[in-house]
DNA sequence: CTGAAAGCGCTAACAA
DNA sequence: TTGTTAGCGCTTTCAG
């Protein structure tokens, strides 16, 4: 057993107060930026803080304020029985963007998110308990699947929470989302403007509201352009599902000359399949993705895609959550962002 | 201003004690699983806990135990001046695997990591302060660049911390790493066994110890096979840098028939370049990657690669950290994992 | 404008 | 085996 000298106890408010020759209360006021403190004293306190190397103790503060000052970033959804859910989710570029947006907003405010996963009933219970116990003041939720029970559970527990994307069934909870229909319309208009005649689409999983909206929006827009029927192959938002869907479409509609793929990752999978079947992109087939994720620029050719402002949305979500934490009675709000078309080389 | 009725105050130990007809201390003992409590009483307490819906208050507990019961997952390194560091890092499949491994170990133990980023001096200071004020009991550090000052800062502050990968300069801190040289040797042996004669390599950034070790290990093994000189193009572990490096190598060594790429992401970038230049893989050129990340199976053809057991390593790292948190004086340890070769279609 | 004092909910001696 | 008690470090009335 090795032993180092025990670390010196860190200074407390009391120590600072003594060094500054004032009371604990005064030091506390200065530290918390409360006005009504003589500026000479403020200065003295600041010096004492610097001299002692004082850092406020979070636990003590939380105990009295009943706030932890941190928030949870919860990834929820129906993961398989495998224990690998966290790995899969974290490797998803979409999640990375959400987390990045949340962190980007929170960090300047000195708060670090607590990462939690809720893919099983047990994990959800753990998350709920964690929040009730005060691991965080509220939660930013990202669901990977529809029908996620967690939003409702959080709302019922009256825990501050906000959602990335509209829930499948209405739940009294704030959320941000992108206008999926409008995005799909952008893609449709673009493919038609490029003179494509046999246009098909690869959708996301149809139990997800976002997938439904993208498909419906695309079909509506195509109908308005005089294409009442658009063949569709359902994918699962993964690279491999994109490959498979493209294979199916090519088999059923060999003459296709335009594809709208409901996310970039599937489009990344579709591209090699097209090439393998001798179709040049964009020469023979124009491809439009959705998201404008890192996959879009990793593709060859680089993907024309509908930009989903995920980072901005996530930042707004974090802002909303902090607002809810600050005013517990606040009514839920939803904010819808507008997508835009990013034209690259695939169409 | 909307108002809901204020939420009922959550029950405290005192409430449970009253309901069970015992003292706070006894309830505390039961909750913390301390023996020496009459089983009848234990049962009564459990019932009272269930009846009241009691959840222990973390802040109060931390205040006295001087433990938060959570750990920080810190991503460190020299990010650019852009504020997008978190987004970039989180989108990296490698980081996802590390985080997944850490979470996989921690979650069954009821602890959720706090996510922090430390790419600038300011951010590092914030991380240090955060740890000192008790946002977490210790830190798992993942550095994206060598010469990261954070490991040393943490060691000097005597904060429990562990590292993924050996630091560039020695620092008294525990870490896990893979045997990079051995992995590179595996790749060399394999390419030679496949009958390749003009073998080249794409290395990672050479200021990173891991990159140096992979390159050195590869060259040593090739030398042992009678190839004293192996051309190398330096990359930056990114998709695009892999493309560029492959272009350079092809220009300088048009006859190359085998490539060892120091990570899968760069290999994923190299593959389309080879195809574009009319080289079939593995027919004309055999390609071997490193990491066995998700990129390896997303490639076409699927990548033969050196498996880097990142998740297992990360889990071990989390275990090590908890050990250090538990015994503050504990000496640093390092654990080296063995890589293995995963043969797929690219060689 | 500043200080004194109470107490947040819990654990850990120490007594019994 | 159980209960009593003293704080952990901080914020926040309430006096002054």
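Remarks
- Members of region A:111-133 that are part of a loop (DSSP other than H, G, I, E, B) and touching a helix residue (DSSP H, G or I) at 6+ places or on another chain (Cβ under 7 Å): A:112, A:113, A:119, A:133
- Checking every residue in region A:146-157 against the condition of being farther than 25 Å from residue A:293 by Cβ and buried (at least 22 other Cβ atoms within 10 Å of the Cβ) gives at least one match.
- Against the list (1) closer than 19 Å to residue A:126 by Cβ; (2) more than 16 Å from DNA strand D (Cβ to nearest atom); (3) crowded, with 18+ Cβ neighbours inside 10 Å; (4) at the interface with chain A (Cβ under 8 Å from one of its Cβ atoms), the condition residue B:111 fails is (4).
- Any chance residue A:49 is part of a helix (DSSP H, G or I), more than 9 Å from DNA strand C (Cβ to nearest atom) and within 14 Å of chain B (Cβ to nearest Cβ): yes
- The residues listed here are B:19, B:91, B:99; of these, the one that is at pLDDT 90 or above, away from DNA strand C (no atom under 12 Å from the Cβ) and assigned by TED's automatic domain parsing to the domain that holds residue B:318 is B:99.
This table checks each residue for (1) within 11 Å of chain B (Cβ to nearest Cβ); (2) surrounded by 24 or more Cβ atoms within 10 Å (Cβ to Cβ); (3) out of contact with any strand residue (DSSP E or B) (no Cβ under 8 Å at 6 or more places or on another chain).
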site	(1), (2), (3)
A:288	no, yes, no
A:298	yes, no, yes
A:304	no, yes, no
A:309	no, no, no
A:313	no, no, no
A:316	no, no, no
A:324	no, no, no
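- Checklist (1) out of contact with any helix residue (DSSP H, G or I) (no Cβ under 7 Å at 6 or more places or on another chain); (2) under 19 Å from residue A:130 (Cα atoms) applied to residue B:77, failing item: (2)
- Residue list for region A:3-42, filter: exposed (fewer than 13 other Cβ atoms within 10 Å of the Cβ) and assigned to a helix (DSSP H, G or I): A:14, A:25, A:39, A:40
- Residue in region A:270-286 that is at pLDDT 95 or above and either under 22 Å from the mean Cα position of the chain (by Cα) or farther than 24 Å from residue B:275 by Cβ (or both) present: no
- Residues in region A:6-16 that are at the interface with chain B (Cβ under 9 Å from one of its Cβ atoms) and modelled with pLDDT under 85: A:6, A:7.
- For region A:281-288, the criterion of being touching a residue at least 40 places away in the same chain (Cβ under 8 Å) and in a helix (DSSP H, G or I) is met by no residue.
- Among the residues of region A:57-80, not a single one is away from DNA strand C (no atom under 16 Å from the Cβ) and in a helix (DSSP H, G or I).
- Taking (1) more than 10 Å from chain A (Cβ to nearest Cβ); (2) closer than 28 Å to residue B:318 by Cβ in turn, residue B:126 satisfies each apart from (1).
- The set of residues in region B:28-62 that are under 22 Å from residue A:64 (Cβ atoms) and within 9 Å of DNA strand D (Cβ to nearest atom) comprises B:28, B:59, B:60, B:61, B:62.
- Pairing residues of region B:19-42 that are closer than 15 Å to residue B:54 by Cβ and within 14 Å of chain A (Cβ to nearest Cβ) with residues that are at pLDDT 90 or above and near DNA strand D (Cβ under 8 Å from one of its atoms), at Cβ distances under 6 Å and at least 6 apart in sequence or on separate chains, gives no pairs at all.
The values are calculated or read from the model by the stated rules, or taken from the named source; none is laboratory data. Remember, it's a predicted structure, so these values are computed and weren't measured experimentally. For neighbour counting, all protein chains shown are included, and Cβ atoms are generated from backbone atoms with ideal geometry for every residue, glycine included.
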